[in-house]
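Q: A single structure is presented below for examination.
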Amino acid sequence: MLRLTSSFLRSYRSQGPPAARLERVLAVGRAFLTVTALGAIYVDPTEPTRFAALTYGVLSGYAVYSLIVLAIVHRAVRVTPRHGLILHGLDILWASALTFLSEGPVSPFFLFFVFALLAAAYRWGFRETVGTAVVTMGVYLVEIAVAAAGPWNNTLVAAIRLEIELNQTILRLAYLLLMGVLLGYLAEQEKQSRAELAAIADAGRQPRVNLGLGGSVTAVARGLLSTFDAASVAVVIHDSDNGRTLLWQMDRTESDHARRTELAPGLKAAWLFPDAGAAWHAAADRNGDVAIVRMVEPGVWPLKRVRTPLPQAFVSAHAFRNATAVNMGLPDEWHGRIYLFDVGQTTGLERSLHFLEGLTEHVTPALTNVFLLRRLRARAGAAERARVARELHDGAIQALFGIEMKIEALRRAHGPSAAQIETELGEVQGLLQSEVMALRELMQALRPIELDGSEQLAGILAGLVDRFRRDTGISAHFVATSGPVTLPPPRALEIVRIVQEALANVRRHSRAKNVLVSLTREEHTFRLVVEDDGQGFEFEGRLSAQELDQRRIGPVVIKERARIAGAELAVDSTPGAGARVELAFAEAAHV
């Protein structure tokens with residue numbers, strides 16, 4: 001059987017609400033109970049029947065005490081569990097005094113003992129609540145002994161001698177004991193549920209993007225190893241996209257790291273064999289055969305009793321006495337299974353398996369985010385490498401081939417003149433300068449841009465334009481009259497990349513002498529313009545992004561990034577006189 005009383009969950013059980021919060025709630029309840037009780041006996045002229053004045057005085061004192069405690073705990077900077085223990089003892093003493101002065105074991109103030117039981121359950125748990133019930137029963141027995149001890153004739157105490165009603169006394173003693181057990185049980189179950197929820201929430205926080213898939217799986221496995229007091233944990237994950245199956249294993253003696261193995265197709269079938277349940281528990285019988293004996297059915301609390309032998313390949317892959325497994329994953333993306341081997345032998349299998357299933361339901365989305373981000377990063381990295389390779393092939397490599405051909409032609413020339421050599425070397429130098437600039441632009445495009453907020457957008461654009469002017473010698477200026485820009489950082493980053501690409505196109509193709517980059521605002525719309533006086537595009541006039549796509553012309557990279565940024569793109573061109581790239585994007589309501 002699984003165990004849910006390991007040190008991991010015990011730590012969560014001890015992390016209940018702060019003492020200050022507990023005592024504030026109980027102070028409100030105590031004040032309400034005493035004040036309303038005082039009002040109730042004032043309205044009822046038949047209660048109390050004995051020593052009404054004295055009983056009124058004690059109850060009034062208890063009400064005043066309750067209000068003072070209420071004021072103190074609401075203003076106290078620090079309340080400790082010891083304070084709660086003192087208040088609990090005082091509540092029992094006040095209730096004892098009231099019952100003794102009124103009707104003893106059959107006093108109408110029996111409700112104050114019930115409050116003490118509720119307070120014990122709210123503060124602590126089963127043992128403390130039952131202990132409180134035993135103490136109150138002892139108080140009752142003392143009151144009975146005092147009432148029964150005699151003779152009381154001709155004494156002051158004779159006036160407060162209680163009428164012993166044996167049946168009612170036994171019944172109320174039974175009430176106290178039963179209520180103590182019931183409230184203690186409910187409090188214990190509530191603490192257990194709260195500890196499980198806290199453990200589940202903590203497990204859901206373990207997978208993190210910065211840890212990667214392996215680090216996230218290791219963190220989850222370490223938590224499960226401690227929670228269930230298992231000898232070892234294994235996590236198997238199959239990636240449907242690339243067909244890879246990875247296995248992480250962690251032992252109790254080596255919980256600092258998990259051993260990772262990539263499984264061959266045959267071993268994948270041994271670990272991810274078909275099973276019928278979301279979670280199950282398997283154990284070896286007397287003959288040594290291992291089979292699934294209990295299984296979780298969706299929406300059903302009682303475990304299904306089955307006997308399904310485990311594949312021999314799985315049994316041979318890992319030696320164990322019992323195994324517990326739970327499935328997880330995202331359909332059509334990935335699926336996996338967590339195995340716990342040789343867990344602690346205690347009772348509570350139903351609750352433990354359902355707890356494991358609930359924990360996995362919270363861990364799976366977090367692992368899915370890490371898993372899909374890992375895949376996205378891999379694809380983005382591959383796409384970026386392909387783009388860099390294409391840029392190098394179409395730019396630097398082609399230029400180097402051209403330089404090589406010029407040098408080879410110059411070397412084979414018969415007696416070239418000094419003017420011819422100077423001309424050829426000048427062309428080689430120009431090609432080299434152009435490709436150095438292209439490589440620098442490529443490095444700038446690959447370098448990450450630190451953009452934490454859209455308020456940095458204008459400053460980053462100004463820096464890009466200034467660097468472009470220094471590197472190329474082209475007169476470039478940036479103008480911003482928009483005021484604060486309210487855009488999510490991802491969209492603002494796309495705007496920066498668009499300006500980078502536009503300036504690179506100006507240098508490569510336009511032969512411009514002047515460039516103007518402006519960022520303006522018109523009500524709730526921002527407008528970004530990159531304008532030059534170069535040779536322009538091959539068309540004349542103004543075309544939208546849709547019209548550019550229909551004609552299959554225009555800057556491809558800028559068109560794609562404009563779509564990602566949610567901006568409207570328009571391009572004005574006058575062949576021989578210049579071009580204008582304009583983007584309009586709406587202001588974000590919240591950034």
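The values are calculated or read from the model by the stated rules, or taken from the named source; none is laboratory data. Not measured: the values here are computed from a predicted model. Note that we place each Cβ from the backbone using ideal geometry, even for glycine, and neighbour counts take in every protein chain shown.
Q: Determine whether ILE498 is surrounded by 19 or more Cβ atoms within 10 Å (Cβ to Cβ), out of contact with any Cys (no Cβ under 7 Å at 6 or more places or on another chain) and either over 25 Å from GLY554 (Cα atoms) or modelled with pLDDT of 85 or more (or both).
A: Here the answer is yes, as ILE498 does meet what is asked.
Yes/no matrix, rows are residues, columns are (1) closer than 18 Å to VAL343 by Cα; (2) acidic (Asp, Glu):
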{"site": "ARG244", "(1), (2)": "no, no"}
{"site": "LEU247", "(1), (2)": "no, no"}
{"site": "THR261", "(1), (2)": "no, no"}
{"site": "PRO265", "(1), (2)": "no, no"}
{"site": "ALA270", "(1), (2)": "no, no"}
{"site": "ASP275", "(1), (2)": "no, yes"}
{"site": "ALA278", "(1), (2)": "no, no"}
{"site": "ALA284", "(1), (2)": "yes, no"}
{"site": "ARG294", "(1), (2)": "yes, no"}
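Q: Give the residue that is modelled with the highest pLDDT, with candidates limited to residues of the range 201-218 that are surrounded by 18 or more Cβ atoms within 10 Å (Cβ to Cβ) and of a type in the set (A, V, I, L, M, F, W, C).
A: VAL217
Q: For residues in the range 539-591 being in a loop (DSSP other than H, G, I, E, B) and closer than 18 Å to THR525 by Cα, which is modelled with the highest pLDDT?
A: Checking each candidate, the answer is ALA567.
Q: Inside the range 298-321, can you point out the residues that are in contact with an Asp or Glu (Cβ under 6 Å, 6 or more places away or on another chain) and outside any loop (DSSP other than H, G, I, E, B)?
A: Within the range 298-321, just LYS304 meets the criteria.
Q: Let me ask something else about it. Kindly list the number of the only condition in (1) at pLDDT 90 or above; (2) surrounded by 15 or more Cβ atoms within 10 Å (Cβ to Cβ) that fails for GLY131.
A: (2)
Q: Kindly evaluate ASP256 against the criterion of being in a loop (DSSP other than H, G, I, E, B), in the same structural domain as LEU340 (by TED's automatic domain parsing) and farther than 17 Å from VAL370 by Cβ.
A: It is false that ASP256 is in a loop (DSSP other than H, G, I, E, B), in the same structural domain as LEU340 (by TED's automatic domain parsing) and farther than 17 Å from VAL370 by Cβ.
Q: Consider ALA187 against the criteria (1) under 16 Å from TYR339 (Cα atoms); (2) small (Gly, Ala, Ser); (3) at pLDDT 85 or above: it satisfies all of them except one. Which criterion is unmet?
A: (1)
Q: Also: Could you tell me which of the residues ILE338, ILE292 is surrounded by 14 or more Cβ atoms within 10 Å (Cβ to Cβ), part of a strand (DSSP E or B), touching a residue at least 24 places away in the same chain (Cβ under 8 Å) and not basic (Lys, Arg)?
A: Matching residue, one of ILE338, ILE292: ILE338.
Q: Test ALA76 against the criterion of being in contact with a His (Cβ under 9 Å, 6 or more places away or on another chain) and under 21 Å from MET179 (Cα atoms), and give yes or no.
A: For ALA76, the condition - in contact with a His (Cβ under 9 Å, 6 or more places away or on another chain) and under 21 Å from MET179 (Cα atoms) - is not met.
Q: I'd like the full set of residues that are modelled with pLDDT under 85, touching a Leu at 6+ places or on another chain (Cβ under 9 Å) and more than 28 Å from MET295 (Cβ to Cβ), limited to the range 1-36.
A: GLY16
Q: When you go through LEU442, LEU432 one by one, which is the residue that is in a helix (DSSP H, G or I), out of contact with any Pro (no Cβ under 6 Å at 6 or more places or on another chain) and at pLDDT 70 or above?
A: LEU432
Q: Just to verify a result, which residue in the range 247-267, among those that are hydroxyl-bearing (Ser, Thr, Tyr) and surrounded by 11 or more Cβ atoms within 10 Å (Cβ to Cβ), is farthest from the chain's Cα centre (by Cα)?
A: THR261
Q: Tell me, please, whether a residue that is assigned by TED's automatic domain parsing to the domain that holds THR525 and not in a helix (DSSP H, G or I) can be found in the range 504-512.
A: Yes, the range 504-512 has at least one match.
Q: Out of the range 197-216, which residues are touching a helix residue (DSSP H, G or I) at 6+ places or on another chain (Cβ under 8 Å) and closer than 18 Å to GLU357 by Cβ?
A: ALA198, ALA199, ILE200, ALA201, ASP202, ALA203, GLY204, GLN206, PRO207
Q: Being of a type in the set (Val, Ile, Thr) and touching a helix residue (DSSP H, G or I) at 6+ places or on another chain (Cβ under 6 Å) is the requirement here; does THR253 meet it?
A: Against the criterion (of a type in the set (Val, Ile, Thr) and touching a helix residue (DSSP H, G or I) at 6+ places or on another chain (Cβ under 6 Å)), THR253 does not qualify.
Q: List the number of the failed condition for GLY329; all other conditions in (1) assigned to a loop (DSSP other than H, G, I, E, B); (2) on the phi > 0 side of the Ramachandran plot hold.
A: For GLY329, the exception is condition (1).
Q: What are the residues in the range 522-574 that are of a type in the set (D, E, K, R), more than 20 Å from THR481 (Cβ to Cβ) and within 38 Å of the chain's Cα centre (by Cα), if any?
A: LYS559, GLU560, ARG561, ARG563
Q: Out of curiosity, is ALA231 at pLDDT 80 or above, outside the structural domain of TYR122 (by TED's automatic domain parsing) and surrounded by 14 or more Cβ atoms within 10 Å (Cβ to Cβ)?
A: Spelling it out, ALA231 is indeed at pLDDT 80 or above, outside the structural domain of TYR122 (by TED's automatic domain parsing) and surrounded by 14 or more Cβ atoms within 10 Å (Cβ to Cβ).
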